[in-house]
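Asker: Provided herewith is a single structure, encoded as structure tokens, for subsequent inquiry.
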Amino acid sequence: MGMLKLFFGERSLSKVAAVYPSEAAAQSAARQVTELPDIEGRQVQVVRPFDPEWGRRVEPEGIGIWRTAVRAHVTCTIAGLAVAFLAYTGLWAAGATAILSTPAMSLVAMLLFGTMFGLMVGGLITIRPDHDAVVAPVREAVQDGRWSVVVHPSSRSQLADTTRTLGQTGVPIFQTL
């Protein structure tokens with residue numbers, strides 16, 4: 001988890017959701033999850049049909065997302081620069097003609113490409129494409145008049161417990177990595 005802190009500023013990196021046909025079923029499932037050890041009430045969100053604020057219940061960590069954006073971009077940019085510099089050094093040591101004939105321009109070009117690729121990877125981490133696995137079914141449920149329970153586990157054990165508990169309710173489970 002320590003290495004992930006270099007990239008992510010959110011408390012919960014995973015999400016688990018289940019969609020229910022009624023309020024009673026959703027509230028019952030939410031109560032079961034809340035009763036799990038180490039799960040706090042704020043980690044469990046019930047999304048009602050046609051809820052205009054459903055997005056905040058699925059992605060409640062606005063500040064954490066901004067921290068993730070900054071951390072991911074800075075960390076990936078530094079890594080991109082380091083990889084580019086190591087590639088430059090390797091090519092220079094290998095006697096590559098393009099590097100030896102224009103060493104300063106080659107270094108600048110490689111560092112610029114390393115920075116660009118680092119920023120692109122940072123952007124990919126920031127947009128979190130894995131979250132679509134939870135966001136899309138909850139969005140559909142909100143539009144179709146169904147209820148959803150969204151849980152934000154903060155550890156692998158909470159993720160496993162939540163997935164098992166919601167799975168026992170008999171509805172499909174959606175989760176991020």
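Asker: Taking the condition of being outside any loop (DSSP other than H, G, I, E, B) and either over 21 Å from the mean Cα position of the chain (by Cα) or surrounded by fewer than 20 Cβ atoms within 10 Å (Cβ to Cβ) (or both), how many residues in the stretch 16-56 meet it?
Answerer: Residues meeting the conditions: 18.
Asker: Give me the pairs: first residue in the stretch 54-69 and farther than 13 Å from Arg139 by Cβ and at pLDDT below 80, second residue buried (at least 18 other Cβ atoms within 10 Å of the Cβ) and of a type in the set (Phe, Trp, Tyr), beta-carbon distance under 9 Å, and six or more apart or on different chains, which are they?
Answerer: Between residues of the stretch 54-69 that are farther than 13 Å from Arg139 by Cβ and at pLDDT below 80 and residues that are buried (at least 18 other Cβ atoms within 10 Å of the Cβ) and of a type in the set (Phe, Trp, Tyr), the close pairs are Gly64/Phe8; Arg67/Phe8; Thr68/Phe7; Thr68/Phe8.
Asker: Related question: So which residues in the stretch 128-157 are under 18 Å from Ala29 (Cα atoms) and part of a loop (DSSP other than H, G, I, E, B)?
Answerer: Gly145, Arg146, His152, Pro153
Asker: Sticking with this structure for a sec: Between residues in the stretch 99-111 that are in contact (Cβ under 8 Å) with a residue 12 or more places away in the chain and assigned by TED's automatic domain parsing to the domain that holds Ala79 and residues that are surrounded by fewer than 16 Cβ atoms within 10 Å (Cβ to Cβ) and in a helix (DSSP H, G or I), which pairs lie under 7 Å by C-beta distance while being six or more apart or on different chains?
Answerer: Ser106/Ala98; Met110/Ala87; Leu111/Phe85
Asker: Quick one: Gly95 ticks every box in (1) closer than 16 Å to Ala29 by Cβ; (2) without any contact (Cβ under 8 Å) to a residue 40 or more places away in the chain; (3) assigned to a loop (DSSP other than H, G, I, E, B) bar one, so which box is it?
Answerer: Only one criterion is unmet by Gly95, namely (1).
Asker: Next question. Can you name every residue in the stretch 158-177 that is hydrophobic (A, V, I, L, M, F, W, C) and in a helix (DSSP H, G or I)?
Answerer: Listed by number, the residues that qualify are Leu159, Ala160, Leu166.
Asker: Right, something else. Can you list residue pairs whose Cβ atoms sit under 6 Å apart, with the first residue in the stretch 156-177 being touching a residue at least 24 places away in the same chain (Cβ under 8 Å) and farther than 14 Å from Gln43 by Cα and the second being part of a helix (DSSP H, G or I) and among the basic types (Lys, Arg)? Count only pairs 6 or more apart in sequence or on different chains.
Answerer: none
Asker: A follow-up question, please. Exactly one condition in (1) of a type in the set (Gly, Ala, Ser); (2) outside any helix (DSSP H, G or I); (3) within 30 Å of Trp92 (Cβ to Cβ) is false for Ala109; which is it?
Answerer: (2)
Asker: Oh, and also: State the number of residues belonging to the stretch 118-173 that are surrounded by 22 or more Cβ atoms within 10 Å (Cβ to Cβ) and modelled with pLDDT of 90 or more. Can you show your working first?
Answerer: Keep residues of the stretch 118-173 that are surrounded by 22 or more Cβ atoms within 10 Å (Cβ to Cβ), which gives 118, 122, 134, 138, 141-142, 147-153, 158, 162, 166.
Then drop every residue that is not modelled with pLDDT of 90 or more, which leaves 118, 122, 138, 141-142, 147-151, 162, 166.
Summing the residues that are surrounded by 22 or more Cβ atoms within 10 Å (Cβ to Cβ) and modelled with pLDDT of 90 or more in the stretch 118-173 gives 12.
The values are calculated or read from the model by the stated rules, or taken from the named source; none is laboratory data. It should be emphasised that the depicted structure is a prediction, and the values quoted were computed from it without experimental measurement. Note that each Cβ is placed from the backbone with ideal geometry, even for glycine, and that neighbours are counted across all protein chains shown.
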